[in-house]
Amino acid sequence: MKQKNLILISAIFLVLAFIVGAFVYRSQKADAAGQAYQRDKTSYVRPHSPGYGHPAAKVDIVEFFDPACETCKQFYPMVKELMAKYPNKIRLYARYTPLHQGSDTVLKMLAAADKQGKFWETLEAVFAAQSYWVSQHRARPELVWNHIGNVGLDLARLKADMELPEIANMIQQDLADARTLNVKATPEFFVNGKPLPTWGYEQLKTLVEDETRAAY
Amino acid sequence: MNSSDRAQDPFSWTLVFLCWLLATISTLGSLFFSEVMGYAPCILCWYQRICMYPLVLILPVALLPFDRNIVRAVIPLTVVGTLVAGFHTLLVGGYIPEDMKPCTQGVPCTEFHINWFGFVTIPLLSALAFLLITALLILAYRRSSP
């Protein structure tokens, strides 16, 4: 009986040590990431990254997204709702992360739309029509054209801009930053440089709430 | 038989218990490296895990009550683990040339994530754990012979 208890107590102690260790490690790492972010935002936000929300907001949400990713589409209204809860306090930055086949072409479309100042309108149209142009996790960019007609884009200019090397470079840069920041899936969020402790909307909400409270 | 074994030699029981502690610490440690710190395990790490993780579940069966035959049964696992970990340690240390490494393209086995005091790497910790567990298990098996 004593032996049984010894094993049981050791097991509980070791598992608890693991959990506490994981918690301490993650929070220290998040703090370090937050401090590094305040010093240098280079890998998180590039000059070409489309931003949404008040430019002087003190809380940045950086989202690595793929237009063909269904979860990114589901998160989009939730993130906007979160931003509406703290008006003018949050700014959202979109980073191009083509993880699906064919997504890079759709991202080129979005980056070219950004040159016309219509990135977010186009993104909303692209997300709304997602089930029409994504099948079996494969993007079919040629079908996207049917769904962005009402955004008010100069489509001839958009097509020409999509071929610009600077647009391709933006996507390459974002992919390189995703690797630097260890982004392996979309959507991946950083709030003032801090990654989510574990992936999920509740975790994002809590992190945004904490950062907003700390900043204002 | 079982209960008399235990009564005969509490020292063997303690040895196997220590092995279980070592195996559990190694298992949780490797999970900490991969799941918390985010280091992807290479293929050799996986072979070592295959030899280490079962000990966490099997050794308690050998302890409650003490059963030297189960101790005997897990020794092949720990010997193979020692060999793989030893090979991995030499690979990381640069004692075995690159072209001999049997790794896939994913995560190179020569990459090391920790380097304490200039020589302590994850495979070295693994090799020491396997070696110690193997030695203690053999000792416990011998000592408890009826």
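Read-outs: derived from the displayed coordinates by stated rules, not from any lab. Just so we're clear, the structure is a prediction, and the values are computed from it rather than from any experiment. As a convention, Cβ positions derive from the backbone with ideal geometry for all residues, glycine included, and neighbour counts pool all protein chains shown.
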Checklist outcome for this item: Here the percent of antiparallel bridges among DSSP beta bridges lying wholly in the protein assembly as shown, to the nearest 5, is 60 percent
Checklist entry - Using the count of nearby Cβ atoms within 10 Å as a rough guide to exposure, how do A:Thr180, B:Thr78, B:Thr134 rank from fewest to most? => result A:Thr180, B:Thr134, B:Thr78
Item to check | Inter-chain shielding of B:32-41 (mean C-beta neighbours from other protein chains, 10 Å cut-off) | outcome: 2
Checklist outcome for this item: Pairs over 25 Å Cα to Cα, from A:Lys41/A:Lys115; A:Lys58/A:Lys205; A:Lys58/A:Lys85; A:Lys85/A:Lys115; A:Lys58/A:Lys184; A:Lys184/A:Lys205, come to A:Lys85/A:Lys115; A:Lys58/A:Lys184
Checklist outcome for this item: All alpha-carbon distances of the range B:2-143, grouped into 5 Å bins from 0, give the whole-percent distribution 2, 10, 20, 21, 16, 12, 9, 6, 3, 1, 0
Checklist entry - For the residue pair B:Leu90 and A:Ala156, what label-to-label distance in nm results when each label sits 7 Å from Cα along the Cα-to-beta-carbon direction? => result 7.1 nm
Item to check | Helical mean residue ellipticity (222 nm; -39500 (n - 2.57) per DSSP H run of 4+; nearest 500) of the protein assembly as shown | outcome: -20000 deg cm²/dmol
Next on the checklist: Cut-off is 10 Å between beta-carbons; in what order do A:Phe119, B:Phe130, B:Phe11 appear when sorted fewest neighbours first?
Outcome noted: B:Phe11, A:Phe119, B:Phe130
Checklist entry - Rounded if a/c is under 1.5, else prolate if a/b is larger than b/c, else oblate: which is the range A:51-215, with a ≥ b ≥ c the root eigenvalues of its Cα gyration tensor? => result prolate
Item to check | Charge dipole magnitude, Cβ of K and R +1, D and E -1 - the range B:2-143, Cα centre, debye nearest 20 | outcome: 400 debye
Item to check | Rule-of-thumb Rg ratio for the protein assembly as shown [Cα; 2.2 N^0.38 Å; N residues] | outcome: 1.32
Checklist entry - What is the fewest-to-most order of A:His137, A:His100 by other Cβ atoms lying within 10 Å of their Cβ? => result A:His137, A:His100
Item to check | In nm, spacing of pseudo-spin labels at A:Asp40 and A:Leu16 (7 Å Cα→C-beta vector) | outcome: 4.1 nm
Item to check | Listed residues B:Ile122, A:Ser27, A:Gln3: farthest to the positive end of the dipole of the protein assembly as shown (Cβ charges) | outcome: A:Gln3
Next on the checklist: Using 10 Å bins from zero, what percent of all Cα-Cα pairs in the range A:1-40 falls into each bin?
Outcome noted: 27, 27, 20, 15, 9, 3
